[in-house]
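Here's the structure we're looking at; comments come further down.
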Amino acid sequence: METLSSATGAVLERIRAALPEAAFQADPAAFLEEPRGRWSGQGVVVSPASVDEVSALMAVCHAARVPVVPYSGGTGLVGGQLLESGAVPVVLSLARMARIRAVHADENVIEVDAGVILADVQRAAADAGRLFPLSLASEGSARIGGLLATNAGGLNVIRYGNARAQCLGLEVVLADGTIWNGMSRLRKDNTGYDLRDLMIGSEGTLGIITGASLRMMPRPAEEATAMFVVPSPRAAVSLLGVAGDHLGEVISGFELIHRQGFDFLDETGLSYHAPFATTPEWSVLMKVGMGAGSDPQDALAGVFEAAGDLVRDGVIAQSQQQADNLWAIREMIPEGNRRIGSVSSHDISVPISCVPEFIDRAPALLAKIDTFRINCFGHLGDGNLHYNVFPLPGKTRADHQHQRDAVKTTVHDLAASLGGSVSAEHGIGRLKVGDLETYADPAKLTMMRAIKQALDPRGILNPGAVLRA
């Protein structure tokens, strides 16, 4: 384990004096790598078990100007949970803060520690006959604090919104150890600046989220899933409009999938149930949830009929297992990508009507750099594409390392030109700090820096994430 420098080594002793021994038992190796293996971090891992322990830790670090890097589930893909160089930080793990504090079923509210794993929140909501709708591939390891700190998205944003939309209140420890108890269960509270929304998406640079009051939803009584073959992304966008007109607000998933995703599953040996005899060039995976007495399978069949030549083929799951098999394809695509190894991966968003133009124009722009394979997939229902660029068979991403920045810039420039964002749901972290400076409105950056200075004047909270240290 990395140790604090001799000049500040005494700080660790003060931290040890302030916290119980159990806070120092974590294996540091598990906290110093990120999922894609691009970076390694450093730090002394401390795992408080309560908001008071986090407060005590922050007070010591603030007084000594020791950096603190919050660590939630470690699933982030933009390096926000790692500090590679500079002063050795305290890595503040939320793993021991894993209590479901209270479930208020009549209010559709669940109160949790920030270290609770998303799947456990979903399970607790289900036990109360409710739904916690935030859903993403890493839900078995991602923790609530990190999901809120990055304003995570996922599969159900089209119906339920990002993590921000699922949160009513927060408990936060500020840089100097002050505890802000904003754990409100209110739907309406018009009493000044919305500090909750300020903290959500701040990636641990303004405060440490230690608890949250979360919204639960009624569970759809009936659900159904279909995969439709579409001739193009433009047809997929038109299909989204037809589905919305036909079904209203019951669409909870609308995912665009390119055949490259299927090809990568085959190439890397990931097993799945092929829905069609011939892999389609483009397909849409769609899920609906409806009230009691409804027939969502019949509703999806109605969309198929109304779509006309926007849809060339389709399958509607006739059982939960068939639905699970269809969604397993979507959920395995990131693993197939990981096994291939991307030259550059992009989490971009553009206005939904601009998605076809982006997909049409990007390949020709990238071809000016080199010949690549492109796996384009994502949450079409909210304009979020995962546009990932890969080497040809026989080559590795290392062969294109010198082109990585050019690839990223090409993709991001195009997204920005269409009124889009270079980070739709993964955050800025450390990976995209330069991109934020390049593409953000200058006034936005000025306001962000002023807020950072006001709340963290010593710059100890996740230094180098979101904004340059």
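For this structure, a couple of remarks:
- Gly115 being crowded, with 19+ Cβ neighbours inside 10 Å, of a type in the set (Gly, Ala, Ser) and under 22 Å from the mean Cα position of the chain (by Cα): yes
- Residue tally, condition under 20 Å from Pro296 (Cβ atoms) and either of a type in the set (Lys, Arg) or under 27 Å from the mean Cα position of the chain (by Cα) (or both), over the stretch 237-246: 5
- Restricting the stretch 35-92 to residues that are charged (D, E, K, R) and closer than 29 Å to Ser344 by Cα, the residue that is farthest from the chain's Cα centre (by Cα) is Glu84.
- Some residue of the stretch 128-136 being touching a Leu at 6+ places or on another chain (Cβ under 9 Å) and surrounded by fewer than 18 Cβ atoms within 10 Å (Cβ to Cβ): no
- Matching entry among Asp313, Asp295, Asp263 (being touching a Phe, Trp or Tyr at 6+ places or on another chain (Cβ under 8 Å) and over 20 Å from Gly153 (Cα atoms)): Asp313
- Answer residue from the stretch 152-173, given it is surrounded by 21 or more Cβ atoms within 10 Å (Cβ to Cβ) and under 18 Å from Leu206 (Cα atoms) and is nearest to the chain's Cα centre (by Cα) among those: Ala152
- Scope the stretch 99-148; condition within 23 Å of Leu32 (Cβ to Cβ), small (Gly, Ala, Ser) and either outside the structural domain of Gly204 (by TED's automatic domain parsing) or in contact with a strand residue (DSSP E or B) (Cβ under 6 Å, 6 or more places away or on another chain) (or both); matching residues: Ala114, Gly115, Gly145
- Within the stretch 349-390, considering residues that are assigned to a strand (DSSP E or B) and touching a Gly at 6+ places or on another chain (Cβ under 6 Å), the one nearest to Leu247 (Cα to Cα): Asn384
- Top-ranked residue of the stretch 245-274 - restricted to ones that are out of contact with any strand residue (DSSP E or B) (no Cβ under 7 Å at 6 or more places or on another chain) and under 20 Å from Asp309 (Cβ atoms), ranked as surrounded by the most Cβ atoms within 10 Å (Cβ to Cβ): His246
- Here the strands (runs of 3 or more DSSP E) wholly within the stretch 81-162 that include at least 1 residues being of a type in the set (S, T, N, Q) are 90-93.
- Test result for Lys408, outside any helix (DSSP H, G or I) and among the basic types (Lys, Arg): no
- When every residue of the stretch 253-274 is checked against the conditions, none turns out to be closer than 22 Å to Thr150 by Cβ and out of contact with any Leu (no Cβ under 6 Å at 6 or more places or on another chain).
- Across the stretch 76-105, the qualifying residues are those that are of a type in the set (S, T, N, Q) and within 24 Å of Ala22 (Cα to Cα), and the one among them that is surrounded by the most Cβ atoms within 10 Å (Cβ to Cβ) is Gln81.
- The C-beta contact set for the stretch 23-39 (first residue not assigned by TED's automatic domain parsing to the domain that holds Pro334 and part of a loop (DSSP other than H, G, I, E, B), second residue exposed (fewer than 12 other Cβ atoms within 10 Å of the Cβ) and not acidic (Asp, Glu), distance under 6 angstrom, 6+ apart or interchain) comprises Leu32/Ser40.
- Count - residues of the stretch 367-426 that are of a type in the set (Lys, Arg) and in contact with a Phe, Trp or Tyr (Cβ under 7 Å, 6 or more places away or on another chain): 1
- Any hit, the stretch 344-353, residues being among the acidic types (Asp, Glu), under 25 Å from Ala235 (Cβ atoms) and surrounded by fewer than 21 Cβ atoms within 10 Å (Cβ to Cβ): no
- Inter-residue pairs, beta-carbon under 6 Å, first over 17 Å from Ser232 (Cβ atoms) and in the stretch 263-283, second basic (Lys, Arg), 6+ apart: Thr268/Arg339
- Boolean, Arg234 is surrounded by fewer than 16 Cβ atoms within 10 Å (Cβ to Cβ) and either at pLDDT 95 or above or touching a helix residue (DSSP H, G or I) at 6+ places or on another chain (Cβ under 9 Å) (or both): no
The values are calculated or read from the model by the stated rules, or taken from the named source; none is laboratory data. This structure is a prediction, so every number in the text was calculated from the model and none was measured. Ideal geometry is used to build each Cβ from the backbone, glycine not excepted, and the neighbour counts take in all protein chains shown.
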